[in-house]
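Only one structure is covered here, and it is reproduced in the block below.
Every read-out reported here was derived from the displayed coordinates using simple, explicitly stated rules and does not represent laboratory data. In this text the structure is predicted, and so the values were computed from the model without any measurement. As a convention, Cβ positions derive from the backbone with ideal geometry for all residues, glycine included, and neighbour counts pool all protein chains shown.
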Amino acid sequence: MGCLALNASYEPLTIIPVQRAICLLLDRKAEALEVDANRPVRSQNLRLQTPVVIRLAKFIHVPHRFRRQVNNTFLFARDGYRCVYCKRTRAELARHESLTRDHVVPLARGGGNTWDNVVTSCGRCNLKKADRLPRECGMTLSVLPREPNHVELVWAVRRVTPVQAKYVRLFYGEDVLAALKPGGPANGAHPQLLSTQS
Ligand SMILES: [Zn+2]
């Protein structure tokens, strides 16, 4: 389990290794907001409790493009591990099939590798669509691609604990967490995080 690092503004930034978090604490570059008292760590001659959530002392500016770069792990999670064209889920694909990244407006035709232009597609639909627009081949998108917010991303990889989820909720609000509910566990969500009161 890693440590959730918050910006000075309390914006959840990323999950970092606990050792890295300890270094930041020792260097006074961060403060610990949550520790796991049941997991003491020994670092040189020091005895510390495992940091679970830390907050950076100084605000760091993270360029927008670095925050939410498109990668397949997050992309597939955003789309519920389901092909947006034929709506088959990963579990429904044949053994030799897999999910792929499709560019709605193909790269060859000026489309970008951006969240609003990428969708999860099974290999079969991706092959069928090729370098065409969906409407040119009678295909329709079951969902419109959009940029996921941070909570969906950390959720996607299921690395946040209930204590850490509290800080994600603090920054993004209850509505963001509630908005994730309909998909439920089927889209890779972690139901335990939805009801955390810790
Ligand atoms: Zn498909």
Checklist entry - For Thr100, which sequence-distant residues (separation of 5 or more, or a different chain) have an amide H within less than 5 Å of its own amide H, given hydrogens modelled in the peptide plane? => result Ser121, Cys122, Gly123
Item to check | Total formal charge among the other residues, if their Cβ is under 14 angstrom from that of Phe59, Lys/Arg +1 and Asp/Glu -1 | outcome: +1
Item to check | Residue-by-residue Karplus 3J(HN,Hα) for region 99-110, coefficients 6.51, -1.76, 1.60, Hz, glycine and proline x | outcome: 7, 9, 9, 10, 8, 4, 8, x, 3, 5, 10, x
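Could you put Asp102, Asp79, Asp36, Asp131 in order, starting from the residue whose Cβ has the fewest other Cβ atoms within 10 Å? Present the calculation step by step, with values, prior to reporting the outcome.
Working: Asp102 27, Asp79 22, Asp36 16, Asp131 12.
Neighbour counts put them in this order, fewest first: Asp131, Asp36, Asp79, Asp102.
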Checklist entry - Non-local amide H neighbours of Leu6 (under 5 Å, H modeled in plane, Pro and chain starts lacking H): which ones? => result Leu13, Ile54, Arg55, Leu56
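Between Asn38 and Ser9, how high is the FRET efficiency from 1/(1 + (r/R0)^6) when r is the Cβ-Cβ distance and R₀ = 41 Å? Nearest 0.05.
Between Asn38 and Ser9 the formula returns 0.90.
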Checklist entry - How long, wide and thick is region 70-137, going by the Cα atoms along their three principal axes, in whole angstroms, largest first? => result 32, 24, 17
Item to check | Extension gain, Val143 back to Leu127 (0.36 nm per residue minus Cα-Cα distance, nm) | outcome: 3.8 nm
Checklist entry - So, with +1 on the Cβ of K and R and -1 on the Cβ of D and E, and no other charges, what is the size of the charge dipole of region 2-60 about its Cα centre, to the nearest 20 debye? => result 220 debye
Checklist entry - For Lys29, Lys166, Lys58, what ranking results if the residue with the fewest other Cβ atoms within 10 Å of its Cβ goes first? => result Lys58, Lys29, Lys166
